[in-house]
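Down below is the structure, laid out as structure tokens.
Read the figures in this text as sums done on the coordinates, not as results from a lab. Everything numeric in this text was worked out from a predicted model, so none of it was measured. Here the Cβ positions follow ideal geometry from the backbone for every residue, glycine too, while neighbour counts run over all protein chains shown.
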Amino acid sequence: MQRGSLELMKKMNQQIIIRIIYNDKAISRARIAEITGLSPAAVSNNVKELMEMGLIKETEHGESRGGRKPVLLEINPEGAYFIGLEWGIAEIRGVLLDLNKKVLARRVEKAESFQLESFVKISRKIVDGLTGQSIEKERVYGLGVGVHGVVDPERGYSLFAPHFRWRDLPVRERLEAEFRIPVFIDNDVRVMALAEKWNGKGNFLLINTGPGIGAAIVFDGKLHYGRDYSAGEFGHMIVMRDGPVCSCGNSGCLEALISTDNLLYRYYPDLEGEITKKELSVKWQELLADAREGREKALEIINMTAEYLGMGLSNLVNLLNPDEIVLAGDFTQAADLLLPLLKEELKKKSLAIAGRGLSLTVTDYGEWLGSVGGAVMVLEKLFLD
Ligand SMILES: [Zn+2]
């Protein structure tokens, strides 16, 4: 075998070993040999190198079956760090994660303009802020970015980002030149789904809500992309004949009916023009407070939202039969109002078999879901794929 392929094989074996330790939390060398079929000597050598790299360490938590306690291996959380960014429409969020997926630091900055260079500049500020803590900078293994719009993760291009007015931009190349570490990019909603996936979910739909509505589809732990990377455009599912005109040019799309800005235009008839992020979040909270006080018009909006979202989700449930639907984005703040109604709608509109075991939940990561997912994407690509 040539040296190149030997190196590759060693790297693959090391990845397999890390993945096993990652999933098992603490495991012995002998057990790793059993699972992988590698010889005990090969396991020992690879483990030694991974320990030298600082990625794993020994522990003595093992149960002794008489005699000496077995030495177990576990992940060394400080062995590697990952940075995740979410490039949103109004702001950029960033987190620093350790090898155990613990969030060590967070930063958020306002977007200044939709120029790529502006995003790079703000990302630099965030990354410097995140790594300015007491971590070894050379242990930052990579940067993962969730970008709004259609993204080609293999070439690292933003293919189409309507809000930013981007077409075919080599985002990854630009970021690698800036940061000199491995960079991965993907669509923001798909990146969010990765954070949920590594929390132990295998077959689920992640629904992001807000000014845009999108979905990520995960089956058998794999993201579904579609031929042109554009799968998951849930906001453009048509749920009404001759409905309101959508930004995509069609009419009656879910997004044209229940995106948060469209809901606000309906609730506040005086509201005109583009709503700023700040305005949107203030007014959205106001609307929810009105609904909690039982104001009729606000409750109508909530009911309508549950009805159309329930319709869209029921279609997805009947088509895909997932284990779970996870809600993210603006609607998570309305979970107390929306979830009971949505559950009713789903029960009513989805087929009994498809919906019977379904659970509907809200993400625990709040507004940080996208940036956590960005960092998890790097961890997955480098160590767990
Ligand atoms: Zn549309």
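Once the Cα atoms are used to define both axes, helix 296-320 deviates from the longest principal axis of the chain by about 50 degrees.
I'd like the distance separating the alpha-carbon centroids of the stretch 322-385 and the stretch 176-239, in whole Å. Centre-to-centre distance over Cα atoms comes out at 12 Å.
Comparing SER134, TYR365, TYR267 along the charge dipole axis of the chain, the residue lying farthest to the positive side is SER134, per the Cβ-charge model.
Pull out a ≥ b ≥ c, the square roots of the eigenvalues of the alpha-carbon gyration tensor of the stretch 321-385, then state rounded if a/c is under 1.5, prolate if not and a/b is larger than b/c, and oblate in the remaining case. Note, shape of the stretch 321-385 comes out oblate.
Given axes a ≥ b ≥ c from the Cα gyration tensor, I'd like to know whether the stretch 234-338 is rounded (a/c under 1.5), prolate (a/b larger than b/c) or oblate. Oblate shape, in that a/c is at least 1.5 and b/c is the bigger or equal ratio.
Measuring between their Cα centroids, the stretch 259-296 and the stretch 133-171 lie 31 Å from each other.
Putting +1 on Lys and Arg Cβ atoms and -1 on Asp and Glu Cβ atoms, find which of LEU143, PRO40, ASN76 reaches farthest to the positive end of the dipole of the stretch 1-155. Of the listed residues, the answer is PRO40. For the chain, the longest principal axis of the alpha carbon atoms and the long axis of helix 116-131 meet at an angle near 50°. Only Cα pairs under 8 Å and 6+ residues apart enter the sum, and on that basis the relative contact order of the chain stands at 16 percent.
Tell me, what is the FRET efficiency for ILE238 and GLN15 to the nearest 0.05, using R0 = 51 angstrom and their Cβ-Cβ distance as r? Using R0 = 51 Å, I get an efficiency of 0.75. Taking the convex hull of the alpha carbon positions in the stretch 70-224 and averaging its projected area over all directions gives 10.3 nm².
Evaluated with a Cβ-only charge set (Lys, Arg +1; Asp, Glu -1), the chain carries a dipole of roughly 1180 debye about its Cα centre, given to the nearest 20. With axes computed from alpha carbons, what is the tilt in degrees of helix 188-197 against the longest principal axis of the chain, rounded to the nearest 10 within 0 to 90? In the chain, helix 188-197 runs at an angle near 50 degrees to the longest axis. With each label modelled as a point 7 angstrom along the Cα→C-beta vector, the ARG106-ARG155 pair spans 3.6 nm. Of all DSSP-defined beta bridges confined to the chain, some 60% are antiparallel rather than parallel.
Here GLU78 and ARG180 are evaluated by their C-beta separation; at R0 = 22 Å the FRET efficiency comes out at 0.55. Summarising the strand pairing of the stretch 199-365, around 45 percent of its internal DSSP beta bridges are antiparallel. Counting neighbouring beta carbons within 10 Å and listing from fewest to most, the residues ARG124, ARG29, ARG241, ARG356 come out as ARG241, ARG356, ARG124, ARG29. Cβ-Cβ distance of PHE114 and ASP228, R₀ of 35 Å, FRET efficiency by 1/(1 + (r/R0)^6): the value works out to about 0.95.
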